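S.K.: Quick one: the structure is below, questions incoming.
The values are calculated or read from the model by the stated rules, or taken from the named source; none is laboratory data. Computed from a predicted model, the values in this text were never measured in an experiment. FYI the Cβ positions are ideal-geometry reconstructions off the backbone, even for glycines, and counts take in every protein chain you see.
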Amino acid sequence: MGRGLDRGQIDEEQFTARNAALLQEKAQLQARWAELDAKLAEGESVEISLDKVRQTLQDFHRVWAHLTLEEGRELLRSLVEDLRVWRDRAELKLLFFPPTELSVVFQRGPTPERGSPSSPRTEGES
């Protein structure tokens with residue numbers, strides 16, 4: 001910008017006006033930055049008790065009923081720390097909770113025809 005002034009491309013009045021606008025924008029960005037830093041600092045100091053989390057999860061069914069599919073998916077991703085599945089059982093580990101073993105019963109559905117997009121591939125198939 002200063003080079004334009006040196007080369008005579010803009011006059012001093014134009015430079016002063018443009019510089020004032022840039023200084024104002026800089027001040028606004030610095031204020032926004034300070035605001036975001038303050039919010040970040042607040043977030044770091046927020047403490048949530050384990051009891052409060054457990055109490056909230058007791059009402060999970062009520063919350064779940066009002067979530068969209070995407071919201072439910074994101075909530076589960078946030079809560080499930082680990083999931084292991086065997087033929088007859090599963091082990092679920094939620095954040096803040098010990099692992100829980102669950103009984104599971106898998107039922108066979110209709111077998112897809114060979115070669116259909118949903119059929120599993122076997123060795124030798126490409």
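S.K.: Output the number of residues of the range 76-101 satisfying the condition of being surrounded by 13 or more Cβ atoms within 10 Å (Cβ to Cβ), touching a residue at least 12 places away in the same chain (Cβ under 8 Å) and assigned to a helix (DSSP H, G or I).
M.R.: Count: 1.
S.K.: Another question, if that's okay. Could you tell me which numbered condition G109 fails, if it satisfies all but one of (1) among the small types (G, A, S); (2) closer than 26 Å to D59 by Cα; (3) outside the structural domain of Q55 (by TED's automatic domain parsing)?
M.R.: For G109, the failing item is (2).
S.K.: Those residues that are assigned to a loop (DSSP other than H, G, I, E, B) and surrounded by 10 or more Cβ atoms within 10 Å (Cβ to Cβ), I need them from the range 59-75; list them, please.
M.R.: L67
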